[in-house]
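Every number here is computed from the coordinates shown, using simple stated rules; none is lab data. No experiment lies behind these values; they were computed from the predicted model shown. All Cβ positions, glycine included, derive from the backbone under ideal geometry; neighbour counts span all protein chains shown.
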Protein chains: 2
Amino acid sequence: MLEHGGRLLRAAREYRIAPDKWLDLSTGISPRAWPVPPIPPRAWHRLPEDDDGLVEVARDYYGAPDLLPVAGSQAAIQTLPKLRTRSRVGVIAPGYAEHAHAWRQAGHEVECVSATQLLDTHADYDVVILIHPNNPGGETFPRDALLALHARLHARGGWLIVDEAFIDAAPQHSLCPDTAREGLIVLRSVGKFFGMAGARAGFVCASHALLDAMRERLGPWTLTGPTRWALAQALADTGWQASQRDWLHERSAKLTETLVRHDLAPAAGTAFFQWRCDARASVLHAALCRRGILTRLFDTPMSLRFGLPADDGELARLDAALADIHQRGERA
Amino acid sequence: MLEHGGRLLRAAREYRIAPDKWLDLSTGISPRAWPVPPIPPRAWHRLPEDDDGLVEVARDYYGAPDLLPVAGSQAAIQTLPKLRTRSRVGVIAPGYAEHAHAWRQAGHEVECVSATQLLDTHADYDVVILIHPNNPGGETFPRDALLALHARLHARGGWLIVDEAFIDAAPQHSLCPDTAREGLIVLRSVGKFFGMAGARAGFVCASHALLDAMRERLGPWTLTGPTRWALAQALADTGWQASQRDWLHERSAKLTETLVRHDLAPAAGTAFFQWRCDARASVLHAALCRRGILTRLFDTPMSLRFGLPADDGELARLDAALADIHQRGERA
């Protein structure tokens, strides 16, 4: 199993700063979360039921003809490789590591390559996995290019898997409406946009046959009662969703301004994070840690991902830390 | 996938009685549930963390040297068959159908036989699966007999799996404290005793090596944040647990009295349900349905399982319905 989480606690120990004193910018989860109302006792008490209306609300929100609720994208990522015989799989790099890991574990031949190589008309993968927009690289892809790639893959019995965990702030780019096409599989998650990573919930949008195969593998009751109940409302709350899109774009723009002001112009970004490629990323990461600010460090390429500060106060703290680091020459 | 749930909605349609008018005695879930306090927003917002203290509290409650939280017994039931090469598997019958189903799906040779046959010293299974106490049969097994069975199985590299979903009202019979022994695997669930079937949570108590293999298969974040937060408190709430044990025994005894009074003496039962073997079980089931009372009908052997009425009012409703059925000769 790949390592996840615990980064904040490790940093707290290493830098001797209490966990609750940190500004945690190490995730891509929106710091503004959908406010979950009190959970009715019935949702805890009874077995979750498939016909509670969640699927209908989700179909509307995602614009998908058919979908399956799963216990987070992770459940889909682990299951999809088991539904194919040994295949040649191309995974976007750099990208979320669980995709390549899961396909390798299941015995497939996996190459992690750039988006350009995956979209090349001469590539001969059986399965291509894109993250759209990409994390941390922020790449976006024209809809036509994705559908053309899917058509080429489908012609030889292949799959295009698009992980759209970060697309909710620009939903017009989603391929969910196209997922009745055999071999086009879109993964959505409520973790990032709704700020509900603890709910362990996502949706697979795909053809009916593929969803049936996946449902059979996953078994009954993949989501908890409270998660189903909360999600059915969050996905229907179009007013909050619109305000959240505005908020994310505004906060991401403010984060960019701050980084630019400190000569740290991002190479790319989404509404959820900004990505700074920098040969001295690890030095900057450590200097921020000494000030109780946790960012996410990547080494291929050397880069830092900055999640969104929750408000002007948190942004000001980042701003002041970057100014202090510059003044003391800690980035030199 | 086996069929689950939806029985109440189907009965509501068939008997034209609105779903909220039913007395649902069709499950083994305690109608008295641990009262879940309001969930802190943080539990919804952040990814669940393995080092949040849940495992330590669970080890105390179950008295198990080592355990793994899983998304309900179901997750363990589906995963265990994948950790063995083709085996000869004996499963207690009648019993919860998912066990046999999961082992068959994974390509094992499965026989569903009586507890007596499974405990026979001449049986030569590689894996034996017991439910203790059994559902719906209510059988209980002496600890020495179970440990002797485990020793025989272990001597040939086999496993004894004990599903203790209904044992919390008599925890002194649990084998959890013995699960450091290789090849002894105990499944626990919070669904029945804590009345938290919606939380999708259970624990596998087993040797360290087996739990590692299972953890690797299941991947990260198998429980939601709200479930982890609520469970850590429910499992530590020893006062409530004691009152719940008393309550279950008292309600189960009252249910038994009522059934005996109507000449429906149970063949067996637990603190969570009573089980009536009856050649005319399906007639009685239908007569109760016509009165908006749902029980669980089994056909091998012909029998009815009565879950606990939640209070004296619900018990009186069952009592009146049984009297009416008798008076009108509907059981004849």
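Once C-alpha pairs closer than 8 Å and six or more residues apart are averaged by separation and normalised to the residue number of chain A, the relative contact order reads 23 percent.
Bridges between two residues of the protein assembly as shown, per DSSP, are antiparallel at a rate of about 50%.
Assuming a viscosity of 0.890 mPa s and a temperature of 25 °C, what translational diffusion coefficient in µm² per second does Stokes-Einstein assign to the range A:145-302, Rh being the Kirkwood radius over Cα pairs?
Values: Rh = 18.5 Å.
My calculation gives 133 µm²/s for D.
Once the range A:2-125 is represented by equal point scatterers at the alpha-carbon sites, with solvent omitted, what log10 I(q)/I(0) does the Debye formula produce at q = 0.12, 0.21 Å⁻¹? These q points yield log10 I(q)/I(0) values of -0.82, -1.22.
Counting Cα-Cα pairs of the range A:232-275 in 10 Å increments starting at 0 gives whole-percent bin shares of 28, 39, 21, 11, 1. Measuring between alpha carbons in the structure, the pairs from A:LYS21/B:LYS82; B:LYS82/B:LYS254; B:LYS21/B:LYS82; A:LYS192/B:LYS21; A:LYS21/B:LYS192; B:LYS21/B:LYS254 lying more than 32 angstrom apart are A:LYS21/B:LYS82; B:LYS82/B:LYS254; B:LYS21/B:LYS82; A:LYS192/B:LYS21; A:LYS21/B:LYS192.
Whole-percent P(r), the range A:139-238, all Cα pairs, 5 Å bins from 0: 2, 11, 20, 22, 19, 14, 8, 3, 0. Here the range B:139-191 is treated as a Stokes sphere of Kirkwood radius computed over C-alpha pairs; at 20 °C and 1.002 mPa s its diffusion coefficient rounds to 187 µm²/s.
Over every Cα atom in the range B:191-243, the radius of gyration and the widest Cα-Cα span, Dmax, amount to 13.1, 37 Å. Take every Cα pair under 8 Å whose residues are at least 6 apart in sequence, average their separation, divide by the length of the range B:1-119, and the relative contact order is 17 percent. The range A:88-159 and the range B:23-39 have Cα centres lying 45 Å from one another. Only Cα pairs under 8 Å and 6+ residues apart enter the sum, and on that basis the relative contact order of the range A:232-332 stands at 24 percent. Rounded to whole Å, give me the distance from the Cα center of the range B:220-245 to that of the range A:253-332. Centre-to-centre (Cα) distance: 39 Å.
Given +1 on the Cβ of Lys and Arg, -1 on the Cβ of Asp and Glu, and no further charges, what dipole in debye does the range A:102-237 carry about its Cα centre, rounded to the nearest 20? The partial results should precede the final answer.
Working: 11 positive and 15 negative charges, 86 e Å.
Result for the range A:102-237 is approximately 420 debye, rounded to the nearest 20.
One quarter of the surface of the convex hull around the alpha-carbon atoms of the range A:289-332 equals 3.5 nm², the direction-averaged projected area.
Only one residue of A:THR270, A:VAL283, A:ILE293 has its Cα farthest out toward the positive end of the dipole of the range A:261-316, where Lys and Arg carry +1 and Asp and Glu -1 on Cβ, and that residue is A:VAL283.
Expressed as a whole percent, the proportion of Cα-Cα pairs in the range A:1-73 lying more than 16 Å apart is 73%. Quotient of the Cα radius of gyration of the range A:245-296 and 2.2 N^0.38 Å, N being its number of residues: 1.17.
Note down the magnitude of the dipole of the range B:198-257 about its Cα centre, charges +1 on Lys and Arg C-beta and -1 on Asp and Glu C-beta and zero elsewhere, to the nearest 20 debye. Numbers along the way, then the final one.
Working: 7 positive and 6 negative charges, 37 e Å.
Roughly 180 debye for the range B:198-257.
Work out the P(r) tail for the range A:63-183: percent of alpha carbon pairs separated by more than 17 Å, whole number. Value for the range A:63-183: 54 percent of Cα pairs lie more than 17 Å apart.
Tell me, Kirkwood radius of chain A from alpha-carbon pair distances, in Å? Each step should come with its number before you reach the end.
Values: mean 1/r = 0.0479 Å⁻¹.
Averaging 1/r across every pair of different Cα atoms and inverting gives 20.9 Å.
Value of Rg to Rh for the range A:234-332, rounded to two decimals, is 1.03; Kirkwood radius and Rg both from alpha-carbon coordinates.
What do you get when you divide the Cα radius of gyration of the protein assembly as shown by 2.2 N^0.38 Å, with N the number of residues? Can you show the working numbers first?
Values: Rg = 27.2 Å, N = 664, 2.2 N^0.38 = 26.0 Å.
This ratio for the protein assembly as shown stands at 1.05.
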